[in-house]
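Enquirer: Before we start, here is the structure in question, set down as structure tokens.
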Amino acid sequence: MGGERKIALDALQKIEEQESYSNLVLERLPGGLGARERAFVCALVYGVLERRITLDFVLSRYLRRPVEKLDAPVRAILRMGVYQLLYMDSVPPSAAVNESVKLARAAGKTSAGSLINGVLRAFLRDGGELVLPGDPKKAASVRYSAPQWLVSSLMETYGEAAAASFLEHSLVPAPLTVRVNTLKTTPQALIARLRDEGVEAAPARGEESALILKDSGSLLGLPSFREGLFHVQDLSSQLCVRALDVRPGMRVLDACAAPGGKSFTAAQYMENRGELIACDIHEHKVELLRQGAGRLGINILTPRQRDAAVPQEGEAAFERILCDVPCSGLGIMRRKPEIKYKDPAKYRELPDLQYKILETSSHYMGRDSILIYSTCTLRREENEQVVDRFLDGHPGFAPCEREALGGSWRRTLLTGEDYSGDGFFIAAIKRTGTKK
């Protein structure tokens, strides 16, 4: 699998150097890879990204200089080698070491071969096992491969047990959850159809039109996908739309819609009757909305290129508004593990942008209109504090209890043993005063 390791190395370098999202890089892997080879590349890339802090902790015991001072390809090769030794039981230790040395030559780093060989063999001589540091916070950071600031923040906010459960499950691959297109089929019929196509599907707990797929391969190769019988959507996003409580004939706005999953689910609840405006600031993402709606047979969706933070004069009131704002994305670390390594200082301006989008969206609400504010992060600064700031400054709006949120008006979802969806925050707001 030497060729696959070189592909994995190239992907890791692209993610690090260009700050690309891992899922997008892996979607563009070279053609010609078989299913087994592609699975190996993806497992190695995601694994190294997910466990970077753990891997660097191990490497630091055997290096004379800091890991970050190493040449980038050499650093990546060492991480890949330790990951294979620690977490890939299917790879013999000798192969992990020897292939790492060969990979250095393939990457033009022949002179680093002795260093790579020495470090990996020294780790094996010491037992080849992870030994955690004594300090509890440092140990948690190494165990869950999460920055100490993030570990501390989650534990202070949600308690040690819930935070540890979330961090542990952030290292487990997310299930492939899809939404049945109820405009064209039923869950039972789709399960049978997928079975005929060689894909195992089972109902997902919590959402009646959600299925979890196993061994699906590329969805683009499935006739049922091409025919628009389902779209990919996590459980938390589906719950978010259910809380919006859209109905046939309503006028609905999805203020930050791309890639469109929530809009598509809303259209299904609306039975393809009414008006659904789906917006995004980027033109190419607006085109994705148009294409997705076409594949699913949704004709009430109108895609628009629009900055959600800029008020639109003359816009008529909407009965329902979905405000799924840009965020730090810490609730989806299991899908994009590189997110957790970003400098938290980069999140500083997000709450003001989120507040501006929420406030702008509220201008389009008539009396008794309902707005859902949501994020896929777990930071209170981007969640509760944004919503509370809005409500404190706008007396014509009030919390709105929703059955979908367990009778509360807002809810934080944590990935864990009892919940397989993404980390998410959902809050419902109702306009009680007259629209000016």
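Enquirer: From the residues Cys240, Gln148, Thr110, which one has its Cα farthest along the dipole of the chain in the positive direction, the dipole being from +1 and -1 charges on Cβ of Lys/Arg and Asp/Glu about the Cα centre?
Expert: In the chain, that residue is Thr110.
Enquirer: I'd like the chymotrypsin sites (Phe, Trp or Tyr not before Pro) in the range 131-170 restricted to DSSP loop residues with at most 13 other Cβ atoms within 10 Å, sorted by number.
Expert: Details: sites: Tyr144, Trp149, Tyr158, Phe166; in loops: none.
Sites meeting the loop and neighbour criteria: none at all.
Enquirer: Another question, then. Taking the Cβ of Ala161 as the center, what net charge do the other residues with Cβ under 12 Å away carry, scoring Lys and Arg +1 and Asp and Glu -1? Please report the intermediate quantities before stating the final value.
Expert: On the way: positive: none; negative: Glu160, Glu168, Glu417.
Charge balance near Ala161 sits at -3.
Enquirer: I want the local charge near Leu176. Using Cβ-Cβ distances under 12 Å, sum +1 for each Lys or Arg and -1 for each Asp or Glu among the other residues.
Expert: Numbers: positive: Arg179, Lys214, Arg335; negative: Glu200, Asp215, Asp234.
Charge balance near Leu176 sits at 0.
Enquirer: Gain in length, Arg36 to Ile281, computed as 0.36 nm per residue apart minus the alpha-carbon separation, to one decimal in nm? Mind showing how you got there, number by number?
Expert: Values: separation 245, 0.36 × 245 = 88.20 nm, distance 3.81 nm.
Here the answer is 84.4 nm.
Enquirer: Moving on. Determine, from the Cβ-Cβ distance of Glu417 and Ser60 and an R0 of 56 Å, the FRET efficiency 1/(1 + (r/R0)^6), rounded to the nearest 0.05. Walk me through the intermediate numbers first.
Expert: Details: r = 32 Å, r/R0 = 0.57.
With a Förster radius of 56 Å, E is 0.95.
Enquirer: Can you list which of the trypsin sites (Lys or Arg not before Pro) found in the range 209-247 are DSSP loop residues with at most 10 other C-beta atoms within 10 Å?
Expert: Values: sites: Lys214, Arg226, Arg242; in loops: none.
Sites meeting the loop and neighbour criteria: none at all.
Enquirer: Let me ask you something else. Aspartates and glutamates near Lys214 by alpha-carbon distance under 14 Å, same-chain residues fewer than 8 away left out - which ones?
Expert: Asp196, Glu197, Glu200
Enquirer: Can you give the relative contact order of the chain as a percent, counting alpha carbon pairs under 8 Å and 6+ residues apart? Walk me through the intermediate numbers first.
Expert: Values: 748 pairs, mean separation 52.8, N = 436.
After rounding, I find 12 percent.
Enquirer: Label-point separation (nm) for Arg28 and Glu313, each offset 7 Å from Cα along Cα-to-Cβ?
Expert: 4.0
Enquirer: While we're here: Once phi is turned into ³J(HN,Hα) by the Karplus curve 6.51 cos²θ - 1.76 cosθ + 1.60 with θ = phi - 60°, what whole-Hz value does each residue of the range 77-88 show in order, with x for glycine and proline?
Expert: Result, ordered by residue: 5, 5, 4, 4, x, 5, 4, 4, 5, 8, 10, 10 Hz.
Enquirer: With a cut-off of 8 Å between alpha carbons and a minimum separation of six or more residues, what is the relative contact order of the range 388-434 in percent? Each step should come with its number before you reach the end.
Expert: Values: 61 pairs, mean separation 18.9, N = 47.
Reported as a whole number, the value is 40 percent.
Enquirer: Still on this structure, please answer the following. Please report, largest first and rounded to whole Å, the three semi-axes of the ellipsoid equivalent to the range 32-159, where each semi-axis is the square root of five times an eigenvalue of the C-alpha gyration tensor.
Expert: So the three semi-axes of the range 32-159 are 26, 18, 14 Å.
Enquirer: Another question about this same structure. How much length, in nm to one decimal, is gained on full extension between Thr432 and Glu271, taken as 0.36 nm per residue of separation minus their Cα-Cα distance? Write down the numbers at each step before the final one.
Expert: Details: separation 161, 0.36 × 161 = 57.96 nm, distance 2.76 nm.
Going from the current span to full extension adds 55.2 nm.
Enquirer: Further, regarding this structure: Within the chain, what's the longest run with no GluC sites (Glu not before Pro) in a DSSP loop and at most 10 other beta-carbon atoms within 10 Å? Give the range, please. Can you show the working numbers first?
Expert: Numbers: sites that count: Glu19, Glu129, Glu313, Glu349, Glu417.
Longest run free of exposed loop sites: 130-312.
Enquirer: Given charges of +1 on the Cβ of Lys and Arg and -1 on the Cβ of Asp and Glu, with all other atoms neutral, how large is the dipole of the range 26-114 about its Cα centre, in debye to the nearest 20? Show your work: numbers first, answer last.
Expert: Values: 14 positive and 8 negative charges, 62 e Å.
For this selection, approximately 300 debye.
Enquirer: On a C-alpha basis, how far is the centre of the range 136-162 from the centre of the range 1-26 in Å? Whole number, if you could?
Expert: Taking the Cα centre of the range 1-26 as reference, the centre of the range 136-162 is 28 Å away.
Enquirer: Now for a separate question. Distance cut-off 28 Å, Cα to Cα: go down the list Lys137/Lys346; Lys340/Lys430; Lys109/Lys138 and report the pairs above it. Spell out each step's value before the answer.
Expert: On the way: Lys137/Lys346 23 Å; Lys340/Lys430 33 Å; Lys109/Lys138 33 Å.
Exceeds cut-off: Lys340/Lys430; Lys109/Lys138.
Enquirer: How would the range 112-200 be classified by its alpha-carbon gyration tensor: rounded, prolate or oblate, with rounded meaning a/c under 1.5 and the a/b versus b/c comparison settling the rest? Provide the component values of the computation, followed by the final result.
Expert: Details: a/c = 4.10, a/b = 1.69, b/c = 2.42.
Taking the square roots of the gyration eigenvalues as a ≥ b ≥ c, the range 112-200 is oblate.
Enquirer: Could you look at the range 371-436 and say what percent of its accessible area is carbon and sulfur, using a 1.4 Å probe and all protein chains?
Expert: On the way: 1260 of 2870 Å².
Looking at the range 371-436 in its full context, I get 44 percent from C and S.
Enquirer: Give the Debye-formula value of log10 I(q)/I(0) at each listed q (0.20 Å⁻¹), with one equal scatterer per alpha carbon of the range 321-410, two decimals each.
Expert: -1.00
Enquirer: Moving on. For the range 253-269 and the range 167-206, what is the separation of their C-alpha centers, rounded to whole Å?
Expert: 19
Enquirer: Take the range 127-276, compute every pairwise Cα distance, and split them into 5 Å bins from 0; I just need the percent in each bin.
Expert: Calculated over all Cα pairs of the range 127-276, the distribution is 2, 8, 15, 15, 13, 11, 11, 10, 8, 4, 2, 1, 0, 0 percent.
Enquirer: Nearest 5 is fine: what % of DSSP beta bridges in the chain come out antiparallel, could you say? Please list the in-between numbers first.
Expert: On the way: 25 of 43 bridges.
Given both bridge residues lie in the chain, the antiparallel proportion sits at roughly 60 percent.
Enquirer: Now, a different point. May I ask you to give the percent of accessible area on the range 6-116 that is carbon plus sulfur, with a probe radius of 1.4 Å?
Expert: Working: 2570 of 5380 Å².
Within the range 6-116, the accessible surface is 48 percent carbon and sulfur.
Enquirer: Just the accessible area per residue of the chain, please: how many Å² with a 1.4 Å probe?
Expert: On the way: 19650 Å² over 436 residues.
Each residue of the chain exposes 45 Å² on average to a 1.4 Å probe.
Enquirer: On to the next question. Provide, for q = 0.09, 0.18, 0.20 Å⁻¹, the log10 of I(q)/I(0) from a solvent-free Debye sum over equal Cα point scatterers in the range 201-346.
Expert: -0.31, -1.19, -1.38
Enquirer: Return an integer: the convex hull volume of the alpha-carbon atoms of the range 183-256, in Å³ per residue.
Expert: Working: hull volume 8.7 nm³, N = 74.
Expressed per residue, the convex hull around the Cα atoms of the range 183-256 is 118 Å³.
Enquirer: Apply 1/(1 + (r/R0)^6) to the Cβ-Cβ distance of Leu130 and Val232, taking R0 = 22 Å, and write down the FRET efficiency to the nearest 0.05. Before the final figure, lay out the partial values.
Expert: Working: r = 34 Å, r/R0 = 1.53.
So, using R0 = 22 Å, E works out to roughly 0.05.
Enquirer: Using a 10 Å cut-off on Cβ atoms, rank the peptides 70-78, 321-329 from the highest mean neighbour count down.
Expert: Details: 70-78: 20.0, 321-329: 22.9.
The packing order, highest mean first, is 321-329, 70-78.
Enquirer: Stretched out fully, how many nm does the piece from Glu19 to Glu349 gain, at 0.36 nm a residue minus the Cα gap? It would help to have the intermediate numbers written out before the result.
Expert: Values: separation 330, 0.36 × 330 = 118.80 nm, distance 1.92 nm.
Taking Glu19 through Glu349 to full extension adds about 116.9 nm, to one decimal.
Enquirer: With 14 Å as the cut-off, how large is the P(r) tail for the range 157-201, expressed as percent of Cα-Cα pairs? Walk me through the numbers before you get to the answer.
Expert: Details: 647 of 990 pairs.
For the range 157-201, the fraction of Cα-Cα distances above 14 Å is 65 percent.
Enquirer: Work out, in µm²/s and without decimals, the Stokes-Einstein translational diffusion coefficient of the range 384-436 at 37 °C, 0.692 mPa s, Rh from Kirkwood over C-alpha pairs. Write out the running numbers ahead of the final one.
Expert: Numbers: Rh = 12.5 Å.
D, rounded to a whole number, is 263 µm²/s.
Enquirer: Return the inverse of the average 1/r over all pairs of distinct C-alpha atoms in the chain, which is the Kirkwood hydrodynamic radius, in Å to one decimal.
Expert: Working: mean 1/r = 0.0426 Å⁻¹.
By the Kirkwood definition, the hydrodynamic radius is 23.5 Å.
Enquirer: Residues of the range 320-348 with amide nitrogen under 17 Å from the 7 Å Cα-to-Cβ point of Gln148?
Expert: Label zone hits: 341-345.
The values are calculated or read from the model by the stated rules, or taken from the named source; none is laboratory data. What you see is a predicted model, and the numbers here were worked out from it, not measured in a lab. Don't worry about glycine lacking a Cβ; one is built from the backbone with ideal geometry, like all the others, and counts go over all protein chains shown. With ligands, DNA and RNA removed, areas are computed over all heavy atoms of the protein, side chains included. Shrake-Rupley method; radii C 1.70, N 1.55, O 1.52, S 1.80 Å.
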